Each structure stands twice: as C-alpha cells, then as structure tokens.
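Reading through the structure tokens given below for one structure.
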Amino acid sequence: MPFNLGSYHYPQPVIVLAPMAGVSDLPFRRLCQQNGADYSTAEMISAKPELLHTAYSAARLQFDPDPRYPKIVQLVGGDAALLAEAALLMQAKGADIIDLNMGCPAKTVAKQQAGSALLADLRQVEKILAAVVRAVNIPVTLKTRLGYHDGQPVIAEVARIAEACGIAALAVHGRSRAQRYQGEADYTTIAAAKAKTRLPVIANGDIKSAEQAKTLLDRYGFDGLMIGRAALGDPWLFARCQALINGRDIPAAAKNTQIRAHLRDLHQHYGAQATAIARKHLHAYLRPHPDYPALRPAINHAAHLDAQLALIPR
C-alpha cells in the first residue's frame, strides 16, 4: 500500500527525519533527504501570533524548492482557534502539510498547556485536531507520545480521535511526557495503538541502526519510522535503512565532501550565527574519529568557515 500525504506518494515503509528544534533546519533537512530520508518536517513554531510573526519563526520556515519534498510546517500550541488560524496562514504561505506537535516534553512548552502536556486533556486534543483539519484543505498530521503519565498510555484513544477528526498520519514517540527522553522507547504500545486505527502510524524513538529499523518493521508492521537524534552526525543512516529494508546496495557516499558542503550551507543560511551552529554538527561528525580528543578543542576554537573546513579529514 502506498503512503499518501496529499499529492505526495511514497512506497511503504517511509523513513523520515524527525522535527528537532535546533537541529532540523533547512541545511540539515536537505542533507538527510539527499541521503535517503523520504521527507522531513521543519522545526516547530508557535501558533501564538506574537511569536508566529517573528524573524525567529521566519527563519524556521525556509524550505528546499525541490518539488520532490513537501513543505511541512510543525505548529505547537494549546489554543484550537490560534492553531487553526496559524495553519490557514501557513497554507497561504505555501505549506503542503501541517504537522501538529503534541509530543514536545519541554517544560517551557508544557507551561503553555501545549506539546505533550495536551495528552492530559483529550477533549482539548480533539478540539484542536478538529479545528485545524476544518481550517485547511491540505493534509494535517500529528506527532505525539504514548501519554502524559508514565505507565498510563492514551495513544490508542488519541489515534481514535485523530482518525475521526481526519488526521492524515500519526507519528508516535514511544515514551510518555513524564519520561522525557529517559528509559527505552516502547514500540509494543505503539503497535497496539496501530492495530486499532486505519491511520498510517510512524514509530519514533531510539532508532539508531538499519538493522534495528528492519527488525522493528518486520516485527510490528509500522507504516514508517521516524529517526531523530541518531541522524545528528550520521545523516547516512537513512541510506543504510533504505538499502537494508528494500534489499538494495548501500549507495556510496563521499562523507567528508558532504560534511564540507553541509558546513558551507550552514554558513550561507545563518550568516554571522553560523559558526556556533556548525560547531555542534562538527562535534557530532567527528566524535567517532580516533583523533577526536585532539580535535575537540580545535573544533571549539575554530572561529570561521575556513577554520572549520580545515578540521575535516582529507
């Protein structure tokens, strides 16, 4: 069965990049898509009008013009009317898909009764999903967690609500809001929710290797997998997953050439702010290198693009 999101169609299972604040910017999304991610979602932005129209949000709303990849905007908030208005505005600005964030466990988000905090109030979840789906004529997807409290999953009910409201697909991080990123992702509970809905279900959390990805798909039959933190420093993970799952050879990748291209892309994208942002990626790329202990202080002190490029092994 194909995986359909509006006018975008993919063979199942899809392997996609998770939205991650401070990581999944345009340069990184572009790199992951070049290396096999079927699609990616931009960093979340707030639906509050005073935050939605800031330069900060505008910077997150930049997309690759390549028509092969949908422009997916992730909205976070707790007010159904504001989320619906924001979704309508994003559609007018060219978004292909709206993704609703009910998975972020950050305290700053939870204080606004948004993100994963919404899982404590399923009536508000239903109100939000229904309002946003009614407001736009593009697909609306949902990124969420197992539940609010540890050991008290509500994801099966969330899936039921999402399907009834017209949500197009569901991505589920296999932890509760209370767990944040502690413990292990619970794929069994995601699979139990999948068995009760016709929605495509994408599993997320702790996916670190192609072998693990294939095992999860074979065991649970998920419609896709969403890879997050493991892609930082290893965007080639998508290519390895696609190759193993689909019985293909792993495509050759000139990794150091791609790292240099990524650094250049970051500096072009961010300008004066790029050095600090690129530094984070450099650490992730070079951490597996046997000389990383010696490279680490050099990475921290590299103050411009040329200095950072000089650190990539030939």
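The values are calculated or read from the model by the stated rules, or taken from the named source; none is laboratory data. From a predicted model like this one, the values you see are computed outputs, not experimental measurements. All Cβ positions, even for glycine, are placed from backbone atoms using ideal geometry, and neighbour counts span all protein chains on display. Side chains included, ligands, DNA and RNA excluded: accessible areas come from the protein's heavy atoms. Shrake-Rupley method; radii C 1.70, N 1.55, O 1.52, S 1.80 Å.
In the stretch 192-205, which residues are over 13 Å from the mean Cα position of the chain (by Cα) and either farther than 20 Å from ALA168 by Cα or surrounded by 15 or more Cβ atoms within 10 Å (Cβ to Cβ) (or both)?
Those that are over 13 Å from the mean Cα position of the chain (by Cα) and either farther than 20 Å from ALA168 by Cα or surrounded by 15 or more Cβ atoms within 10 Å (Cβ to Cβ) (or both): ALA192, ALA193, LYS194, THR197, LEU199, PRO200, VAL201.
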Hey, could you check the stretch 6-29 for residues that are crowded, with 16+ Cβ neighbours inside 10 Å and among the hydroxyl-bearing types (Ser, Thr, Tyr) and say which is farthest from ILE72 (Cα to Cα)? TYR10
Among the candidates LEU129, LEU119, LEU88, which residue alone is farther than 21 Å from SER176 by Cβ and either among the polar types (S, T, N, Q) or over 18 Å from the mean Cα position of the chain (by Cα) (or both)? LEU88
Residue tally, condition touching a strand residue (DSSP E or B) at 6+ places or on another chain (Cβ under 9 Å), open to solvent by less than 50 Å² (accessible area, probe 1.4 Å) and charged (D, E, K, R), over the stretch 65-106: 2
Checklist (1) in contact with a strand residue (DSSP E or B) (Cβ under 6 Å, 6 or more places away or on another chain); (2) open to solvent by 30 Å² or more (accessible area, probe 1.4 Å); (3) among the charged types (D, E, K, R) applied to ARG134, failing item: (1)
Would you check if there is a residue in the stretch 71-93 being acidic (Asp, Glu), out of contact with any Leu (no Cβ under 8 Å at 6 or more places or on another chain) and at pLDDT 95 or above? yes
Test for LYS143: is it closer than 25 Å to SER57 by Cβ, at pLDDT below 95 and not aliphatic (A, V, I, L, M): no
Can you name every residue in the stretch 221-235 that is out of contact with any Leu (no Cβ under 7 Å at 6 or more places or on another chain) and open to solvent by less than 20 Å² (accessible area, probe 1.4 Å)? ASP223, GLY224, MET226, GLY228, GLY233
Here is a check on your reading of the model: is LEU170 under 19 Å from GLN113 (Cα atoms) and buried (at least 19 other Cβ atoms within 10 Å of the Cβ)? no
